[in-house]
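If you scroll down you'll find the structure; I have some questions about it.
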Amino acid sequence: MAILTVSGEYGSRGREIGRAVARSLGYAFVNKEKILEDVRGVGDKWEQWAKEYDGRCPTTWERYDWSFQGFAALIQSAILNYAAKDRVVLMGRGANFLLAGMPHALRARVTAPLEARVAELAKRESITDKAARWLIEKTDHERACFIYSLYRVQWDDPQQYDLNLNTAQTPVEESVKILIERLAERDLAKSEASQRDLEMRALAARVKAGIMTAPGLLLPTLDVEVDGRQLLVQG
């Protein structure tokens, strides 16, 4: 079956849309909490770094520190492992960039005008419009910086997505319907070759995460890439 990634502006109701699609299709729903739970299983220190790094803009020093690089490798490995298992909705954390070029992956972006998001968040969290606006602007900035630190691409570039939905123009229920229909189309694009490619990407990510988080190893540079039917490790 096709894979869905959802990236959403804060307050655009992207999480609600992703969860509704997962519920309708019987897909696993993998969000921040699920990914961090997997990171926790690697060890206490990685759990602590996950809390410090996830979803925020790292400093220049942190960006090149091995702990941030190890954390990045862990979340990317978790995302690709879930994708390789199939029938999954992946929320945020740059899943759309990891699955670029994968024919049976549908990469969706959910947005809404700032004023609509302010009203939605103020109502949902019972806070003032001023507080909601500040929180939205801060969260969007942190997310954009976090994604850029991981992938060196702009989080809000519509060209990085297969489908862009604006919930002010396309309500949640209609957005869910559109995504389900588009996923059915993507199902037809899945093949043994595309699944094998995805499994190799997941394997490369697991190898990189294993090396980056191995006790006693400190590598200033490390790349693990898929080279045809084998892996190329450089460091």
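The values are calculated or read from the model by the stated rules, or taken from the named source; none is laboratory data. Keep in mind that this is a model prediction, so the values were computed, not measured. Don't worry about glycine lacking a Cβ; one is built from the backbone with ideal geometry, like all the others, and counts go over all protein chains shown. Areas reflect the complete protein model, heavy atoms only, side chains present, ligands, DNA and RNA absent. Shrake-Rupley method; radii C 1.70, N 1.55, O 1.52, S 1.80 Å.
Could you give the alpha-carbon Rg of the chain over 2.2 N^0.38 Å, rounded to two decimals?
1.03
Further question: Dipole of the chain (Lys/Arg Cβ +1, Asp/Glu Cβ -1, origin at the Cα centre): which of VAL224, LEU74, TYR27 lies farthest to the positive side?
Farthest along the dipole direction, towards plus: TYR27.
Starting at the first residue of segment 31-42, write each ³J(HN,Hα) from the Karplus equation 6.51 cos²θ - 1.76 cosθ + 1.60 with θ = phi - 60°, in whole Hz, x for Gly and Pro.
10, 3, 4, 5, 5, 5, 5, 5, 4, 4, x, 6
Nearest 20 debye, what's the magnitude of the dipole of the chain about its Cα centre given +1 on Lys and Arg Cβ and -1 on Asp and Glu Cβ? Walk me through the numbers before you get to the answer.
Details: 33 positive and 33 negative charges, 58 e Å.
It works out to roughly 280 debye.
Out of the DSSP beta bridges found with both residues in the chain, what percent are antiparallel (nearest 5)?
25 percent
Okay, moving on. Would you mind estimating how fast segment 93-208 diffuses translationally, via Stokes-Einstein at 25 °C and 0.890 mPa s with the Kirkwood radius over Cα pairs, in µm²/s?
Translational diffusion coefficient: 149 µm²/s.
With every protein chain in place, what's the accessible area of SER7 (1.4 Å probe, Å², nearest 10)?
In the full protein context, SER7 sits at about 10 Å².
Still on this structure, please answer the following. Would you compute, from DSSP H runs of 4+ residues alone, the mean residue ellipticity of the chain at 222 nm, taking -39500 (n - 2.57) per run and dividing by the full residue count, rounded to the nearest 500? Let's see the in-between values first.
Values: 10 runs with 131 residues, N = 235.
Helices in the chain give a 222 nm mean residue ellipticity of -17500 deg cm²/dmol.
Determine the gain in length on full extension of the stretch LYS51-GLU174; use 0.36 nm per residue of separation and subtract their C-alpha separation, reporting nm with one decimal.
Residue separation times 0.36 nm, minus the Cα-Cα distance, leaves 40.8 nm.
Of the candidates ALA189, ALA105, ALA204, which one comes out as most mobile in a Gaussian network treatment of the chain with C-alpha springs shorter than 10 Å?
Maximum fluctuation in the GNM of the chain, among the listed residues, is at ALA189.
With θ set to phi - 60°, apply the Karplus curve 6.51 cos²θ - 1.76 cosθ + 1.60 along segment 80-95 and write out the HN-Hα couplings as whole Hz, x wherever there is a Gly or Pro.
5, 5, 5, 4, 5, 7, 6, 6, 8, 10, 9, 9, x, 6, x, 4
At 7 Å along the Cα-to-beta-carbon direction for both LYS123 and ALA193, put a label point, then send me their distance in nm to one decimal.
Calculated label separation equals 4.8 nm.
With an 8 Å Cα cut-off and a minimum separation of 6 or more residues, compute the relative contact order for segment 5-144 in percent.
41 percent
If you take every residue apart from GLU199 with its C-beta less than 14 Å away from the C-beta of GLU199, what net charge results, scoring Lys and Arg +1 and Asp and Glu -1?
+3
Once each part is reduced to its C-alpha centroid, what is the distance from segment 127-146 to segment 183-235 in angstrom?
Cα centroid of segment 127-146 versus Cα centroid of segment 183-235: 33 Å apart.
Still on this structure: Which three numbers, in whole Å and largest first, are the semi-axes of the equivalent ellipsoid of segment 76-137 derived from its Cα gyration tensor as √(5λ)?
Gyration-tensor ellipsoid for segment 76-137: 33, 12, 10 Å.
State the answer as a single residue: which of ALA205, TYR148, ALA184 lies farthest towards the positive end of the charge dipole of segment 136-220, with beta carbon charges of +1 for Lys and Arg and -1 for Asp and Glu, about the Cα centre.
Looking along the dipole axis, the top candidate is ALA205.
Of the cross-linked pairs LYS34/LYS130; LYS130/LYS177; LYS34/LYS208, which ones have a Cα-Cα span greater than 25 Å in the structure shown?
In this structure, LYS34/LYS130; LYS130/LYS177 lie more than 25 Å apart at Cα.
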